[in-house]
Amino acid sequence: FYLCGEGGQGVQLLADVLMKTGVTQYAYSSPWYEPEVTKARTVAAVTLSNRLYANPNPQIGEVDVLVCMTPQMYFERKHFIKKGGLAIIDSQGMEIKNEGFDYTLINIPAMTLSATQVKERRSANMIFLGALNQALELFKDEVLESVIQKNIPKAAEINIQAYRLGKNTLTFAVKPGR
């Protein structure tokens with residue numbers, strides 16, 4: 001997973017949740033932050049693997065799943081997606097197409113949904129998590145909700161609500177051969 005957004009959008013928390021699902025023997029994360037400025041770009045590369053050594057730093061054309069919380073990050077990172085991969089983005093009202101690339105593109109208005117339906121903008125990352133899990137069906141809902149409960153205890157209820165909203169918003173499942 002290659003997770004991208006701006007500081008304060010919960011990219012690193014999303015990475016932590018994915019790593020703690022326990023679906024593989026090993027989980028690696030490689031976070032990257034811009035220098036400390038407001039709305040700085042932030043990235044986390046998460047690798048779930050049954051191999052002891054796995055490179056958490058993606059190369060161009062190697063990423064199975066790209067999650068971008070802003071259109072800017074999508075345009076900067078889309079070349080990392082491998083053929084047949086998946087991109088989940090919040091286009092924030094922009095028309096975005098994957099012209100010239102062979103991957104599935106899903107637009108989920110996570111920022112709008114978190115502000116209008118969950119009433120907590122900081123839960124957009126959990127809306128992405130719900131959409132991601134609905135698309136790929138990698139994790140049991142109970143497992144993810146338990147990880148959310150344990151890792152965000154003070155805001156577990158609202159984040160579980162956001163996770164479920166993300167799942168329900170994405171009404172179809174993409175099942176690539178992974």
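Observations on the structure shown:
- Note on ARG41: accessible area approximately 60 square angstrom, rounded to 10, probe 1.4 Å, nucleic acids and ligands left out.
- Remark: for residue pairs LYS20/LYS140; LYS20/LYS150; LYS20/LYS83, the C-alpha separation exceeds 21 Å in LYS20/LYS83.
- At full extension, PHE101 and ILE60 could sit 13.5 nm farther apart than now, given 0.36 nm per residue minus the alpha carbon distance.
- Of the residues PRO109, PRO71, PRO153, the one that moves most in a GNM of the chain with alpha-carbon contacts below 10 Å is PRO153.
- For the chain, built as a Gaussian network whose Cα springs stay under 10 Å, the top-fluctuating residue of ILE60, ILE152, ILE96: ILE60
- Label corresponding to Kirkwood radius over Cα pairs in Å when calculated from the structure given, among [x] 18.4; [y] 16.1; [z] 19.2: [y]
- Extension gain (nm, one decimal) between THR112 and GLU157, 0.36 nm per residue minus Cα-Cα: 14.3 nm
- Among the protein heavy atoms, those of ASP64 account for about 60 Å² of accessible surface (1.4 Å probe, every chain in place).
- Across the protein chains, with a 1.4 Å probe defining accessible surface, the residues LYS82, LYS154 rank LYS154, LYS82 from largest area downward.
The values are calculated or read from the model by the stated rules, or taken from the named source; none is laboratory data. It should be emphasised that the depicted structure is a prediction, and the values quoted were computed from it without experimental measurement. Quick note on the areas: whole protein, heavy atoms, side chains included, nothing else; ligands and nucleic acids left out. Shrake-Rupley method; radii C 1.70, N 1.55, O 1.52, S 1.80 Å.
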